[in-house]
Amino acid sequence: MKASGNTVKEILTNVPEDRAEAFNNLHNVIVKNLPQGFEAAISYGGLGYVVPHTVYPAGYHCKPIEPLPFAGLASQKKSINFYHMGIYSDPELLDWFVAEYPKHSKQKLDMGKSCIRFKKFDQIPVELIGELMQKMTVRQWVDLYESKLKK
């Protein structure tokens, strides 16, 4: 059920039919709500929302040739997965998201450290994801990333 491609457009085109509408809607909400400076790109072979090298030349410390990742979207075997490094790195943002989630979805929150899994494609809380995307600027993300990296 993975969507593959070498460009954002190819990934969006290759999403399996049963989840294409939900996946593309989620992508569109993410892009619409991305603060200035982030961009949709290929990140680690998947769809990512990153701080490009033009904004943060150092790139990702694990692989500097890659732009600094912030969020991602993937079609997995049984779910659409959304990744957000801000909720992984900022406990206050995580607490906000966990508290808000039940107000936007009847589904139980299925979440790892930075991964939120959506198994019912018609019940993805896209408005909440849009709001989450607006909660952190590029500058805030870079500062938080660097503060965690230096520890």
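Annotations for the structure displayed:
- Checking each residue in segment 81-104 for being closer than 18 Å to H27 by Cα and either in contact with a Lys or Arg (Cβ under 6 Å, 6 or more places away or on another chain) or among the hydroxyl-bearing types (S, T, Y) (or both) picks out N81, Y83.
- Residue in segment 140-150 that is modelled with pLDDT of 95 or more and basic (K, R) present: no
- V142 meets each of the listed conditions (1) in contact (Cβ under 8 Å) with a residue 40 or more places away in the chain; (2) β-branched (V, I, T); (3) outside any helix (DSSP H, G or I) apart from (3).
For every residue, the table says whether it meets (1) closer than 25 Å to L144 by Cα; (2) touching a helix residue (DSSP H, G or I) at 6+ places or on another chain (Cβ under 8 Å); (3) hydroxyl-bearing (S, T, Y); (4) modelled with pLDDT of 95 or more.
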position: A22; (1), (2), (3), (4): no, yes, no, yes
position: P35; (1), (2), (3), (4): yes, yes, no, yes
position: V50; (1), (2), (3), (4): yes, no, no, yes
position: Y56; (1), (2), (3), (4): yes, yes, yes, yes
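- Cross-chain or 6+ apart pairs with Cβ under 7 Å, segment 60-86 first and free of Cβ contacts under 8 Å to residues at least 40 places away in the same chain and farther than 14 Å from F38 by Cβ, then among the basic types (K, R) and surrounded by fewer than 21 Cβ atoms within 10 Å (Cβ to Cβ): N81/R117
- Those residues of segment 49-96 which are of a type in the set (F, W, Y) and either closer than 26 Å to T13 by Cα or in contact with a strand residue (DSSP E or B) (Cβ under 8 Å, 6 or more places away or on another chain) (or both), in sequence order: Y49, Y56, Y60, F70, F82, Y83
The values are calculated or read from the model by the stated rules, or taken from the named source; none is laboratory data. These numbers were taken from a predicted model, which means no experiment stands behind them. Cβ: placed from backbone, ideal geometry, glycine included. Neighbour counts: every protein chain shown.
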